[in-house]
Structures are given as C-alpha cells and as structure tokens.
1. For the condition under 13 Å from Ala18 (Cβ atoms) and in contact (Cβ under 8 Å) with a residue 40 or more places away in the chain, what is the one hit in Glu126, Glu131?
2. So if I check each of Val176, Val170, which one is at pLDDT 90 or above, of a type in the set (A, V, I, L, M), assigned to a helix (DSSP H, G or I) and closer than 18 Å to Lys14 by Cα?
3. If we scan segment 37-51, do we find a residue that is aliphatic (A, V, I, L, M) and part of a helix (DSSP H, G or I)?
4. Restricting to segment 357-377, give me the number of residues that are at pLDDT 85 or above and either within 13 Å of Ala246 (Cα to Cα) or of a type in the set (Asp, Glu) (or both).
5. Can you name the residue in segment 14-36 that is outside any loop (DSSP other than H, G, I, E, B) and of a type in the set (Val, Ile, Thr) and is also surrounded by the most Cβ atoms within 10 Å (Cβ to Cβ) among such residues?
6. Does Gly89 satisfy the condition of being modelled with pLDDT under 95 and either closer than 29 Å to Ala291 by Cβ or within 22 Å of the chain's Cα centre (by Cα) (or both)?
7. Quick check on this structure: which one of Leu327, Leu331, Leu298 is touching a Pro at 6+ places or on another chain (Cβ under 7 Å) and modelled with pLDDT of 80 or more?
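The values are calculated or read from the model by the stated rules, or taken from the named source; none is laboratory data. All values reported here derive from a predicted model rather than from experimental measurement. FYI the Cβ positions are ideal-geometry reconstructions off the backbone, even for glycines, and counts take in every protein chain you see.
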Amino acid sequence: MDCAEGTQKPHYVKQYLAAVIATLGAFSIGTVFGWSSPSEFDIDDDDFAWVVSIMGLGGAIISIPAGLIVKKLGARKTLLLFVPVTVAGWALIIWFQNVGMLLVGRLLTGFGAGAFCMVVPIYIGEMASKEIRGTVGSFFQQMINLGILYAYSLGVALNVFQLSVMCGIVPVLYGVLFFFMPDTPTYLVLSDNEHKAVGSIKWLRGYHFDATSEIDEIRSRQHLTGTGTEKRSLWASFRQPAAVRALGTMLGLMFFMQMSGVNVVLFYSESIFESANVPIGAEVATIIIGAMQVLGTLLSSLIVDRVGRRPLLLVSGGAMMVSALLLGIYLLLLTGEKATEELVATYGWIPIAALCLYMTLFSVGFGPVTWLMLGELFSPDVKGLASALANMTSFALSFALSRLFPLVRDVIGSGPTFIIFAGFCLLAVVFVVLVVPETKGRSLSEIQCMLATGGGRFVLRFNKKR
C-alpha cells in the first residue's frame, strides 16, 4: 500500500471551529473533575469519598458500551447521545435531597465524562488534517483544564447549589452547538455514504479541496486494516501487529497517566494544601494550580506538532517525578518529630511550587498527548472497542485511586503516598523510551503502516525518514 496522500493544502479555519466546539465536551469533563474540590456537604468523610470517586466508576462502566455505540453511530451521534445523560446527572446533583441522589448524579456525570473522554479524541482524530491534528488534539486537555479552573474559581464565590447549576449549563450549551457540526469523513466513508463524506470534507477543508484524494486515502486504510469488502473478524483485527502495538501503547499510557496521581491532586487539591499548611489560602492555591494547567496545555498546543509526542511525554514524566518527590519529602518532614513552624515559614512555598510544576508539565505532556494519541493510533476496525478498553483502564484507575487515597493517606501518610506516585512517574519515562512511537506529522494511514512494521519507536529513526 502507498502511504502517501495528496498534496493539496486544506483550509483549517472550520477544522479549528469544529475542534473547539467538540472539546466543549472536554470542558464539561473538567467541571465534573473540578466540582468536588471546592464543594462542601454535611456528610461524613466516607460518604464524600464515594461521591468523589464514583464518577470514575461511571466512566469505567460506560466505556465498553460507548465503544460499541461509536462503531455503529459514529463519533458525532455518540457524543450527542450522552449530552442528556450528563444533564440528568447534574439535575440530580443540583436538587439532591440525600446522599443517594448525589451518588446517582455523580455516576451519570461519570457516564458522560467517560463517553466524552473516549469519543472526543476520536472525533478530532478523524476530522482534523494531519498538519494540525496535534494542535487541535491538544484542545481536548486544554478544555478539561479550563473546565477545572471554571469550577475551582466559581467555587470560591458560589455555594454548592449555584456551582452545580453553573456546571450543569455547560453540557446543555455543548449539545446545542455540537448538533450543527458534521459527521467525520472516516465514519461516513465506512458507512458507505460517500456523498455526505464529500460534503463533510468540503465543509472542513474548503469547498475547493479535492475530496476524492481523502476518500481514496480512507478507502486505502480500509484495505490495510481489513475493513473493506473482505472484512476481518474483530478478534482477527485485534491480533494484527498494528493493533497489538497500538493497544499496548495506549493501555500503558493510560495506566501511567493515572498512577502518577494526577486525579488525586485534582479531586483533593484543597485538602492536600490544607495538610501542607501552605502560607496562602488553600482555595487560592487551588485556583493557581488550575491556571497553571491552562498555561501548560496552551504551551503544548503551540509546540506538539513541532517537537513531537515523545519528547513532550519524556519531559512531562521527568518533571512530574521531581515534583511529586519534592512534595512527598516536604509532607514527610512536616509530620516528623522535628516539624516546626519555622519549617513551614521557610519552606511552605514548596507544596505550591511542586504542584504548580507537576500540573503544568502534566498539561504539557501526559495530559494532552495521551488523549491525542488515543485518536491517532487505532485503525477504524478496532478503534471503538480498543478506545473503550483504554478509556476503561483510565477511569477504573481514577476510581480506585480517588477512593483509596483517603484510606492510604490515613495509614501511611501523604508524604509516602506522593513518593510512590513519583516512582510511577519514573516508570512512565522508561515506558515512553522503550515503547511509545512518534506520530508527529504522519497521516492516520502512515501511522498504521508504521505500527504494522514496528517502526517509529525512536524519534531519530522517525526523523531519518523525514
């Protein structure tokens, strides 16, 4: 198969517009993530831990069903399907009368967050031209960060009811705007609807763009992956070298992204700062963390298509390791016998600086790049189920860590817990060096060729071809 594409340059304005509107779903995810940190309820700590963590369980449960739905309905219709589910979840949270309503509401918002997390990157990966796919793919993490900052900031001024209303408005707005976006060309071609595929391509790339070349490229990818006239079974597709390498890469990235402790920081940021005795208010420190995430992802969007995926992952993992280690050592000293007010007065800046560095570099690398690659690595015949498995891994670990963190913290302390997170960040760097391929500048067909032949693992090897 020829992995080359046509040379005609597409227009990008409507692709950027579609990416921004699609990633309002990620903004909605951010509000779900950030809502728990400033929220206060008159319930015991164990019930609140369930309220925080059950969102992750919802995301894990919905992953496989959403993966099957996206294969049948395509990314656009699947995202629209989960808008009312998310709105229903926020309605239960807004007008809750008991803990049960809170739990069901958080579970439903977890369903929405899980579906959006998996399907938005698929939509962007199938919609965007290869020249800007990295940039618009990073919008996903940026919107999550903006949603978190939105919840953190409003939580300072609003009560829980008002905050929940402001968060519940987001998916409503998303559903209204995204309704007018097109289905992806890939989904339409695979659905044997080439007439609509031409319309989608011309809307996204410009009406003077030659849609035939892109349709031919999608058809050639069908031939490569067995989604054409002679279709493989799903099991046979998953046994192909490209699918095995892609799935192994994504499961590893999802595992290390969660085991770095990022969602523990997001869900429990205020309590972490309170236990660290930071010299400024915990609420203010949390907002600073949210702002640093936004800046980090902005930087990532500017450089990801120039620097590449692997370098950002390596720098991100290394910086997160150093940050988590510094925070762990500080918290360990703070609980020691020699802990004094002088220690806090002299080194109280360490928790803020460490978590700012941690969240900024997470937002430069592991945050946006992991979700970007989810939309890049899988071929159409396995994308739905494979993305679901990766997404389920992420949300199941998020649920487990957010539920267990308060228990582990009570047993061994916050300091040792963050030192363990630092160890996983180190292992993440090793994983990237040994396993993760570089996809910068490659079309989706070229990525499948690379995975099928085992190439692209090292940046120098990739650049030599360029």
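1. None of the others qualify; the one that does is Glu126.
2. Val176
3. Looking for residues that are aliphatic (A, V, I, L, M) and part of a helix (DSSP H, G or I), one finds at least one in segment 37-51, hence yes.
4. Matching residues across segment 357-377 total 3.
5. So, considering only residues that are outside any loop (DSSP other than H, G, I, E, B) and of a type in the set (Val, Ile, Thr), the one surrounded by the most Cβ atoms within 10 Å (Cβ to Cβ) is Ile29.
6. No.
7. Checking each option against the conditions leaves just Leu327.
The rows are residues; the columns are (1) surrounded by fewer than 16 Cβ atoms within 10 Å (Cβ to Cβ); (2) closer than 24 Å to Leu79 by Cα; (3) hydroxyl-bearing (Ser, Thr, Tyr).
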position: Phe180; (1), (2), (3): yes, yes, no
position: Thr184; (1), (2), (3): no, yes, yes
position: His195; (1), (2), (3): yes, yes, no
position: Val198; (1), (2), (3): no, yes, no
position: Leu204; (1), (2), (3): no, yes, no
position: Ile218; (1), (2), (3): no, yes, no
